[in-house]
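K.L.:
Below: one structure in structure tokens.
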Amino acid sequence: MPHPHLSEEDVKLRHITPAIEKAGWDKFSQIRMEYYFTDGRVVVRGDTVKRLQGKQADYLLSYKANLPLAVVEAKKAAETLGSGMQQAIDYAQIMDLPFAYASNGSAFLEHDMLTGKERELTLDEFPTPEELWQRFARGREYSHEEEKLITQPYFFAEDVHPPRYYQRIAINRTVEAIARGRQRILLVMATGTGKTYTAFQIIHRLWKAGKKKKILFLVDRNFLVDQARKDFKPFDSKMTKIVHKHMDSAYEVYLALYQQLSGDDQEEPFREFQPSFFDLIIVDECHRGSAKENSRWRKILDYFSGATQIGLTATPKEDHDASNSHYFGEPLYTYSLKQGIDDGFLAPYKVIRVGLDKDLEGWRPEEGQTDIYGNEIEDREYNVSDYDRNIIIDERTEVVARRISDHLKANDRFAKTIVFCASIDHAERMRQALVNENADLVRKNAKYVMRITGDNPIGKAQLEYFTDPAQPYPVIVTTSKLMTTGVDCKTCKLIVLDNVINSMTEFKQIIGRGTRLETEYGKWYFTIMDFRDACRLFADPDFDGDPLPLEPDGNDGDGSSGTGTGGGNTRDDDEDRPPMPRVRGVEVRILNERVQYCDIDGKLITESITDYSKRNIRNRYATLDEFLHAWKTEARKQAIVDELEEQGVLLSALREASGKPDIDDFDLICHVAFDQKPLTRAERAGNVKKRDYLHKYSGQARAVLDALLDKYMDAGVGQLEDIGVLALSPFTEMGSPMKLAKLFGGKPGLLQALKELEDALYAA
């Protein structure tokens, strides 16, 4: 039995690790300790950003690389044997593991996820890797051939990162499903979560095992092919991109635009191959039309119907016109935007909802009023759905452009920005308005603002530069439909919605343009500026749930119905429209504006930072007395601050919002949550001196405590909780940390003096 006073780390070192290694688990290849499988959610309040603690398993045990079987949670010896089991089960469920263990060093408690049963094991009874794998294989009823494919290794190279846990789940489930003979598979993964990487590992494992020998990766846009070529680079000479409808049967992995394969009714190049030529087809962005029965996608898929077909999408489409699940089946695995943000792999967002008076109140022309062309304007009330579709108000475009520019000027004028407009014409007018608002930077580089739409080859040619984090220009791009999907702009920090959006598919795709997290380039979150109330869709349960038939007209504007060459469908508008009435001289002003944040539950909160923080603090500490007790008894005050941050309460942002930069964390919490009068850190330090608390110390010892009070006044109570501060100025002039500790009778005496000083600071 372990000594009852052993810490968790001691328990792991002395009991758990030796027991696992004794069972035959290799410490270099099969045991991962302190394994972080999430990065930790990024929380934004105001302009303050904080990354929370990621999820960490004490042990992750793998049969082979990326074939993990079990998680082990350790607790200190004083805890019960099963005290860590709920956490272990939670982690096992998240990581899709069959076994969960908990231990306090005395034995192991095993939870078998396959049977739902638990049992106690002695330290000497921990199962071997082979034993655990065989139990898992029997539970899954693998045949010998299935097991051989399922255990096929991943592709490894120095420049290829190991899969994140959700990618591993998607890959392993897909390989298992194919091993069992499944022919249609749908994977739903939020934009920015690495669908192409996932596809590569699936393909490579199946190809290396000889299960799939001729593979087609099918997309609808050139830049998606180019992105795939980078991830598929290890296939090298075995891989080709189909160009100019040239079909060469000598290769094994084919990257292709469906337009290049389908041609037209008179010429369908894919028929040059036998229907049995491909045995695996992966369709990227499959929501864009591959499931429509009358689409040219389906001609290809139906022709090669004997091949295993995998659909990849961030937004499965379900309406009367097309159904991904009807064609591919229910998703084999779903990793949602909410999960990605919660895990810290995707960027959170804040929303600025701007209400223009003419949008909220409507606009009606005066009797007989004419537009700039001299045509009389139809006498009716126009609203937000009409602007830039049925009527143009130039001043409205100018006000939107000015608000966008003001935001960039106040934050970062070189933040990559996408402005989604109602049409190509609207995108061009918005480009002009943005140029005029940013003439100083446009004068330096004309590519500061550009239009990227399907009809504009010059703009489309700049897409690669816009998406390249190393390229500063273009900065602001206006678009209509072209950039709603597939565009991988990692550093996009601002998405502007100036188009009425009713399709959940389209909305989720647009939001996906900003979800990539690129901390290397200073992108921790992105901002959505909404002029047309599109963000109401965040409140729809379907935003992060299963798709429902939402589009009664069968047209969500995803551009999948058009034709095109080279770059896929490039048409932004559904039809050619007659000239719209265009009006000038209308006063347009911003009537209201709201800033919303994504809370820890994934919901947009509209309340102020102060109100939000008060609510969450009081959810944790119902009364002032409860908080005071917790503060008094907690040895490390920072632990309370850290706990509140996990609930989304960022004290640095709250302090800024309160306008009281010099108050202590303690006073800030009491003031905001319990309406107590706050003291500044200087006032608290002054009270300690007034009470002559330091009278029992003299000489250098008192000088040390005086200096610590000064540190407290500068930076807070954390300065009293880390004796490492003694290695900093001005303490270095007084002597070494060891010498200073001796002034208090050694380290224990120093720690006691710091504790008493801390108590004195917070004395009533």
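Every read-out reported here was derived from the displayed coordinates using simple, explicitly stated rules and does not represent laboratory data. From a predicted model like this one, the values you see are computed outputs, not experimental measurements. Cβ: placed from backbone, ideal geometry, glycine included. Neighbour counts: every protein chain shown.
K.L.:
If I take R0 = 56 Å and measure r between the Cβ atoms of Arg618 and Asp302 in this structure, what FRET efficiency does the formula 1/(1 + (r/R0)^6) give, to the nearest 0.05?
P.N.:
0.40
K.L.:
Taking the Cβ of Leu52 as the centre, find all other residues whose Cβ is under 12 Å away and add up their charges (Lys, Arg: +1; Asp, Glu: -1).
P.N.:
-3
K.L.:
Then there's this: Hey, which aspartates and glutamates would be in cross-link range of Lys299, C-alpha to C-alpha under 19 Å, not counting anything within fewer than 8 residues on its own chain?
P.N.:
Straight-line reach from Lys299, under 19 Å: Asp220, Asp264, Asp265, Glu267, Glu268, Glu272, Asp279, Asp284, Glu285, Asp321.
K.L.:
Looking at segment 682-761, how many pairs of lysines come closer than 19 Å at the Cα, when each pair is eight or more places apart or spans two chains?
P.N.:
Summing the qualifying lysine pairs gives 11.
K.L.:
For segment 678-713, which trypsin sites (Lys or Arg not before Pro) are in a loop by DSSP, counting at most 13 other Cβ atoms within 10 Å?
P.N.:
Listed in order of number, the matching sites are Arg691.
K.L.:
Taking a cut-off of 25 Å between Cα atoms, list the lysines near Lys447, but don't count ones fewer than 8 places away on the same chain.
P.N.:
Once the sequence-local lysines are set aside, what remains near Lys447 is Lys409, Lys416, Lys460, Lys481, Lys490, Lys493, Lys523.
K.L.:
Another question, then. Among the aspartates and glutamates, which have Cα under 14 Å from the Cα of Lys233 when same-chain residues fewer than 8 positions away are ignored?
P.N.:
Of all the aspartates and glutamates, those that pass the test against Lys233 - Cα under 14 Å, at least 8 places apart if same chain - are Glu158, Asp159, Glu252.
K.L.:
For the residue pair Leu121 and Lys696, what label-to-label distance in nm results when each label sits 7 Å from Cα along the Cα-to-beta-carbon direction?
P.N.:
Between Leu121 and Lys696, the label points sit 5.3 nm apart.
K.L.:
Separate question: Starting with the highest mean, order 109-115, 583-589, 332-338 by the number of other Cβ atoms within 10 Å, averaged over the residues of each peptide.
P.N.:
By packing density, highest mean first, the sequence is 332-338, 109-115, 583-589.
K.L.:
What nm value, rounded to one decimal, do you get for the distance between Glu464 and Lys742 when each label is placed 7 Å out toward the C-beta?
P.N.:
Calculated label separation equals 6.9 nm.
K.L.:
Could I ask something else about it? Expressed in nm to one decimal, what extension gain is obtained for the pair Arg536 and Arg138 from 0.36 nm per residue of sequence separation less their Cα-Cα distance?
P.N.:
Gain in length upon complete extension: 138.4 nm.
K.L.:
Can you sort Glu120, Glu367 from fewest to most other Cβ atoms within 10 Å of each residue's own Cβ?
P.N.:
Least to most surrounded, the residues fall as Glu367, Glu120.
K.L.:
Sticking with this structure for a sec: Distance from the Cα centre of segment 77-127 to that of segment 395-421, in angstrom?
P.N.:
Measuring centre to centre over Cα atoms gives 54 Å.
K.L.:
I need the peptides 17-27, 368-378, 187-197 ranked by packing, meaning the mean over residues of other C-beta atoms within 10 angstrom, with the highest value on top.
P.N.:
Going from most to least packed, we get 187-197, 17-27, 368-378.
K.L.:
Another question, then. Using 7 Å Cα-to-Cβ label points, what is the Gln86/Thr732 separation (nm, one decimal)?
P.N.:
4.8 nm
K.L.:
Please flag any cysteine in the chain that has no other cysteine's Cβ under 4.7 angstrom from its own Cβ.
P.N.:
Cys286, Cys421, Cys535, Cys598, Cys670
K.L.:
Follow-up question, since we're still on this one. For Glu268 and Phe155, calculate 0.36 nm times their separation in residues minus their Cα-Cα distance, and state this gained length in nm to one decimal.
P.N.:
Separation in residues times 0.36 nm, less the Cα-Cα distance, equals 37.2 nm.
K.L.:
Next up: Using helices alone, what [θ] at 222 nm do you get for the chain, with -39,500 (n - 2.57) per DSSP H run of 4 or more residues, divided over all residues and rounded to the nearest 500?
P.N.:
Computed ellipticity for the chain at 222 nm equals -10000 deg cm²/dmol.
K.L.:
Here's a follow-up. Please give the contour-minus-distance gain from Glu643 to Thr680: 0.36 nm per residue of separation, less the Cα-Cα distance, rounded to one decimal in nm.
P.N.:
11.0 nm
K.L.:
Out of the trypsin sites (Lys or Arg not before Pro) in segment 86-192, which ones are loop residues according to DSSP with at most 12 other C-beta atoms within 10 Å?
P.N.:
Lys117
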